[in-house]
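See structure below.
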Amino acid sequence: MTGKIKINFKDYLSEVYDKPAKIHEAFSLFHEFSWNNRILAESQLIAPEPINTYKGWLALGRQVKKGSKAIKLLMPVKVKSKNSGKDEEEEKTTFIRFIEKPYWFGLSQTEGKEFEVPAISNFNLKEALKNLGIEQEEFQSLDGNCLGYAKPNLKVVAVNPLSPDPNKVFFHEMAHCLLHNDSDKIVDGKKLDNSLKEFEAETATYLVSCSLAQFENLEYSRGYIVGWIKKENIEEKNFKRAFDAANKILKAGLVEGEGR
């Protein structure tokens, strides 16, 4: 039956840590840029967005639009200089110089599959966002490896248009909004670190996905959790917080008559 969460803390840990887990390739498809290149790229873009080379976009199934102007970024180039010495042969010195090269294009400069969030028969994502008071904004980040982000204090979420499983990313970011605003970052007098926050958000995602019979790609969800935190560092109170957030997300989006 969908819409009902029935699993205890011990069984959940066995589910996540004993079953096969994978890290999704989507977390490493794009180049990681230096701080200087991020500033340089943003100065040439209308808004921050994932960027890639022409060949890089082709590999992702996208074609750069005809007439698009490439973005210039600093790239290292080896340069040899000749030092005149007393000897007849001149000594050569090799050093690195950074030169702007126009090899990069933004996502908006490409054509390909349109971004769409697959419908779930018994769950209305838009209604869930509305009922929870969470707003969606356009994804604005140069980091193409980032599948989404949340601004919990503003109750705002965004999902990367290239995300391979946007529903699960929405659930994850919605959970951050419910669990990790300023007043909820402290549990029993202790400030949550990133590993626990990611555990809580992805656990809520896992529980919601299973409750809605969205079992595909759960090995990546397990891989995400395992990659962030060791089993022995998880406390039941953090599971219960995620459990409560998952129930709130389900209650906010379940279609009337389904799983209630």
* To do: Grab the alpha carbons of the range 95-136, take their convex hull, and tell me the volume per residue in Å³.
  => 179 Å³
* Give me the log10 of I(q) over I(0) for the range 209-260 at q = 0.22, 0.23, 0.27 Å⁻¹, as the Debye formula computes it from C-alpha points; what are the numbers? -> -0.99, -1.03, -1.13
* Asked: What ranking do 75, 174 get, fewest neighbouring Cβ atoms within 10 angstrom at the top?
  -> 75, 174
* To do: Return one quarter of the surface area of the convex hull spanned by the alpha-carbon atoms of the range 120-233, equal to its mean projected area, in nm².
  => 7.7 nm²
* Structure fact -> Filtered hits (lysines, Cα-Cα < 22 Å from residue 237, offset >= 8 within chain) -> 4, 6, 10, 185, 190, 191, 197, 248, 251
* To do: Could you check what % of the DSSP bridge pairs in the chain are antiparallel, to the nearest 5?
  => 95 percent
* Asked: If r is the Cβ-Cβ distance from residue 19 to residue 251 and R0 is 30 Å, what FRET efficiency results, to the nearest 0.05?
  -> 0.65
* **Gain on full stretching of the segment that runs from residue 195 to residue 6 - 0.36 nm per residue minus C-alpha separation** => 65.6 nm
* Structure fact -> Short to long, in 10 Å steps from zero, the percent of alpha-carbon pairs of the range 35-110 per bin is 17, 36, 20, 13, 10, 4
* Structure fact -> In this structure, the FRET efficiency calculated for residue 66 and residue 226 from their beta-carbon separation, with R0 = 35 Å, to the nearest 0.05, is 0.20
* What is the order of 79, 169, fewest Cβ neighbours within 10 Å to most? -> 79, 169
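How do 24, 172, 31 line up, fewest other C-beta atoms within 10 Å first? Can you show the working numbers first?
Working: 24 18, 172 27, 31 15.
Lowest to highest Cβ neighbour count: 31, 24, 172.
What Kirkwood hydrodynamic radius, in Å, does the range 1-151 give when the mean of 1/r is taken over all pairs of distinct Cα atoms and then inverted? Don't skip to the end; give the middle numbers.
Details: mean 1/r = 0.0491 Å⁻¹.
Result for the range 1-151, one decimal place: 20.4 Å.
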* Asked: Separation between the residue 215 and residue 78 pseudo-spin-labels, each 7 Å from Cα along Cα→Cβ, expressed in nm?
  -> 5.3 nm
* For the residue pair residue 127 and residue 236, what label-to-label distance in nm results when each label sits 7 Å from Cα along the Cα-to-beta-carbon direction? -> 3.5 nm
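Readers should treat all values here as calculations from the given coordinates under stated rules, not as data from a laboratory. Nothing here was measured: the structure is a model prediction, and the numbers come from that model. When we count neighbours, we look across all protein chains shown, and the Cβ atoms used for this are built from the backbone with ideal geometry, even at glycine.
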